[in-house]
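> There's a structure below that I have some questions on.
The values are calculated or read from the model by the stated rules, or taken from the named source; none is laboratory data. For clarity, every value in this text was computed on a predicted model and none was experimentally measured. Cβ atoms come from the backbone with ideal geometry, glycine included; neighbour counts cover every protein chain shown.
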Protein chains: 2
Amino acid sequence: MPLLNRVDADPELFRALGDATRRVILDELTDRDGQTLFEICGRLAMKHGLTSSRQAISQHLAVLEGAGLVRTRREGRYKFHHLDTGPLRALVERWPIDREAPP
Amino acid sequence: MPLLNRVDADPELFRALGDATRRVILDELTDRDGQTLFEICGRLAMKHGLTSSRQAISQHLAVLEGAGLVRTRREGRYKFHHLDTGPLRALVERWPIDREAPP
DNA sequence: TTGACAGGCAAGCCGCTACTTGCCTTTACT
DNA sequence: AGTAAAGGCAAGTAGCGGCTTGCCTGTCAA
């Protein structure tokens, strides 16, 4: 096991959040959960003019799934993607966050 | 302005959190706030056997400061580093996180 | 059955970034 | 004054990661 893994928990989660396109995908799934790959591609292009190809988005979804942020459900030739913010709890509990907004 | 910046807020924050060494630095500052560069280097080496050079840590601190996660205070030839988890609030408010733990 | 649709796999390219190396500036101590 | 300590700057290197390209698999409809 690499050295940092004993100290640094779930690096895949942070790596997944490290990319802007993946974050926008999470936003998109927050807005409408359970989309297929092609739906996501289409809506990202419509809403934000993003030019990412289908393979790019597919790889991003794989990373998000690897981090546990996205769960998939197959149905025939469709594959629906569902948001799972569970792993984010570990993130908010790692460092002390003041819950109240500062003045 | 690049395309994604209109959609994706504070990319520097996520980029800062994207590196494992930087996250361990945040842990270290959580444990003992207001350390100098050399203190951080020494304690990371002691506690976790990390081999990062002084310059590496210095650059990491610069990134963290750029993301607003670390604030610095000069005093003579010393420079103390203080943790600021304020930017993390934007992160936890971006996606819906179930506050209760699942069974 | 044939074609279109939704998605997967694998290799290659390229830019970003973490890290090193070497040298410099400023501050403190004796 | 001279030396050590704390830190900064800048250029160069190497490896990872995002994206493309091309082709392949499985599923539904006409």
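> Identify the residue in the stretch A:42-81 that is within 14 Å of chain B (Cβ to nearest Cβ), of a type in the set (V, I, T) and not in a helix (DSSP H, G or I) and, among all such residues, is farthest from A:A16 (Cα to Cα).
Only one residue tops the list, namely A:T51.
> Let me ask something else. For B:E75, all conditions in the list (1) surrounded by 15 or more Cβ atoms within 10 Å (Cβ to Cβ); (2) within 12 Å of DNA strand C (Cβ to nearest atom) hold save one; what is the number of the exception?
(1)
> Next question, about the same structure. Select, from A:A67, A:A90, A:A56, the only residue that is among the aliphatic types (A, V, I, L, M), surrounded by fewer than 15 Cβ atoms within 10 Å (Cβ to Cβ), within 13 Å of DNA strand D (Cβ to nearest atom) and in contact (Cβ under 8 Å) with a residue 24 or more places away in the chain.
Step by step, each of A:A67, A:A90, A:A56 is checked, and only A:A56 is among the aliphatic types (A, V, I, L, M), surrounded by fewer than 15 Cβ atoms within 10 Å (Cβ to Cβ), within 13 Å of DNA strand D (Cβ to nearest atom) and in contact (Cβ under 8 Å) with a residue 24 or more places away in the chain.
> While we're on this one: Tally up the residues in the stretch A:1-25 that are at pLDDT 95 or above and either of a type in the set (F, W, Y) or in a helix (DSSP H, G or I) (or both), please.
13
> Test of understanding: among B:E28, B:E39, which residue is assigned to a helix (DSSP H, G or I) and within 13 Å of another protein chain (Cβ to nearest Cβ)?
Going through B:E28, B:E39 in turn, the sole match is B:E28.
> Could you tell me which numbered condition B:L91 fails, if it satisfies all but one of (1) aliphatic (A, V, I, L, M); (2) more than 9 Å from the chain's Cα centre (by Cα); (3) within 16 Å of DNA strand C (Cβ to nearest atom)?
Result: B:L91 passes all but (3).
> Okay, next question. Among B:L26, B:L37, B:L50, B:L44, which is free of Cβ contacts under 8 Å to residues at least 24 places away in the same chain and either touching a helix residue (DSSP H, G or I) at 6+ places or on another chain (Cβ under 8 Å) or crowded, with 19+ Cβ neighbours inside 10 Å (or both)?
Only one candidate qualifies: B:L44.
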